[in-house]
Amino acid sequence: MAASGRTPRPGVIWTRPERAGRGPRPAHSRAEIAAAAVRIADADGLDAVSMRRVAAEVGAGTMSLYNYVPRKEDLHELMVDEVSTEYDLETPLTGDWAADVLGLAEQARDLMRRHPWLPRMADSTAYGFTPNALRYLERFLTALDPLDLPPGTKLELLAAVTNTVAGYVTNELAMAERARTLPWSEAEEQAVRGAYLGEQLGTGKFPRLAQTLAGAGAGVESVDYEAAFRRSLKRVLDSFALEAGGGQTSAT
């Protein structure tokens with residue numbers, strides 16, 4: 001129950017006025033507040049974003065900020081909308097649905113790299129329906145026009161691509177963070193772990209793993225992560241292309 005005794009009700013910040021209540025013209029805008037929150041999250045992580053810190057960033061009192069942003073979840077929604085303006089949605093589509101989707105996925109990956117807190121928002125449908133995020137969704141579904149699949153399946157494709165990108169970036173960021181905090185170089189770490197793995201494979205206890213790694217020429221230092229990202233996405237797109245009866249895509 002709310003403090004007033006009333007049962008809280010869900011709301012959408014985009015249906016509310018920029019500032020709640022009566023009084024003089026608002027001193028701040030949602031765009032200003034969102035930009036401040038994004039700067040904080042980019043620098044120090046999503047957990048560092050608080051009403052108090054955002055209020056200080058824009059020069060407002062903490063309590064007055066609630067007149068603009070009633071809940072922290074609303075603040076997160078403003079942040080997603082703010083960074084979603086960075087998508088290039090004006091370049092004409094090629095008509096090759098797989099190539100167009102791959103291009104959008106690469107944009108999403110770059111966006112998540114610039115804003116490392118963003119993958120945490122990918123599993124929430126609420127944050128996917130901000131005004132600018134809706135423009136991205138519309139663009140994605142327009143790119144799928146040539147693909148003969150039911151609407152529900154196209155939404156599944158959208159979700160599969162989003163989850164693949166978010167998962168890939170999350171792994172990239174975790175690896176980079178671990179390397180950054182190591183008290184030794186990443187090359188030294190790889191050398192020690194590579195030697196240990198070689199010893200284990202040499203025991204003969206893991207024949208399939210040894211055969212697979214040898215055949216793949218596996219080694220962390222030899223992995224082309226850009227190519228691996230595109231291959232992962234292509235496999236996702238190929239699966240939907242096969243379902244539509246079109247065979248494999250030409251996306252590379």
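The values are calculated or read from the model by the stated rules, or taken from the named source; none is laboratory data. For clarity, every value in this text was computed on a predicted model and none was experimentally measured. Cβ coordinates were reconstructed from backbone atoms using ideal geometry, including for glycine residues, and neighbour counts include every protein chain displayed. These area figures cover heavy atoms from the full protein model, side chains too; ligands, DNA and RNA do not enter into them. Shrake-Rupley method; radii C 1.70, N 1.55, O 1.52, S 1.80 Å.
Filtering the range 40-58 down to residues that are assigned to a helix (DSSP H, G or I) and open to solvent by less than 40 Å² (accessible area, probe 1.4 Å), which residue is nearest to Leu111 (Cα to Cα)?
Among them, the one singled out is Ala41.
Residues Glu86, Glu138, Glu90: which one is in contact with a helix residue (DSSP H, G or I) (Cβ under 8 Å, 6 or more places away or on another chain) and either open to solvent by less than 70 Å² (accessible area, probe 1.4 Å) or of a type in the set (D, E, K, R) (or both)?
Glu86
Just to be sure I understand, how many residues within the range 226-252 are part of a helix (DSSP H, G or I) and either at pLDDT 90 or above or surrounded by 12 or more Cβ atoms within 10 Å (Cβ to Cβ) (or both)?
Selection size over the range 226-252: 15.
Here's a check for you: in the range 115-125, which residue that is of a type outside the set (D, E, K, R), more than 17 Å from Phe140 (Cα to Cα) and touching a residue at least 24 places away in the same chain (Cβ under 8 Å) is most open to solvent (accessible area, probe 1.4 Å)?
So, considering only residues that are of a type outside the set (D, E, K, R), more than 17 Å from Phe140 (Cα to Cα) and touching a residue at least 24 places away in the same chain (Cβ under 8 Å), the one most open to solvent (accessible area, probe 1.4 Å) is Pro116.
Out of all the residues in the range 124-162, which are closer than 27 Å to Met79 by Cβ and among the acidic types (Asp, Glu)?
Glu138, Glu156 - these are the residues of the range 124-162 that are closer than 27 Å to Met79 by Cβ and among the acidic types (Asp, Glu).
Considering only the range 94-114, I want to know if a residue exists there that is in contact with an Asp or Glu (Cβ under 7 Å, 6 or more places away or on another chain) and open to solvent by 60 Å² or more (accessible area, probe 1.4 Å).
yes
For the subset of the range 59-76 comprising residues that are open to solvent by less than 20 Å² (accessible area, probe 1.4 Å) and assigned to a helix (DSSP H, G or I), which member is farthest from Tyr136 (Cα to Cα)?
Ranking the qualifying residues of the range 59-76, first place goes to Leu65.
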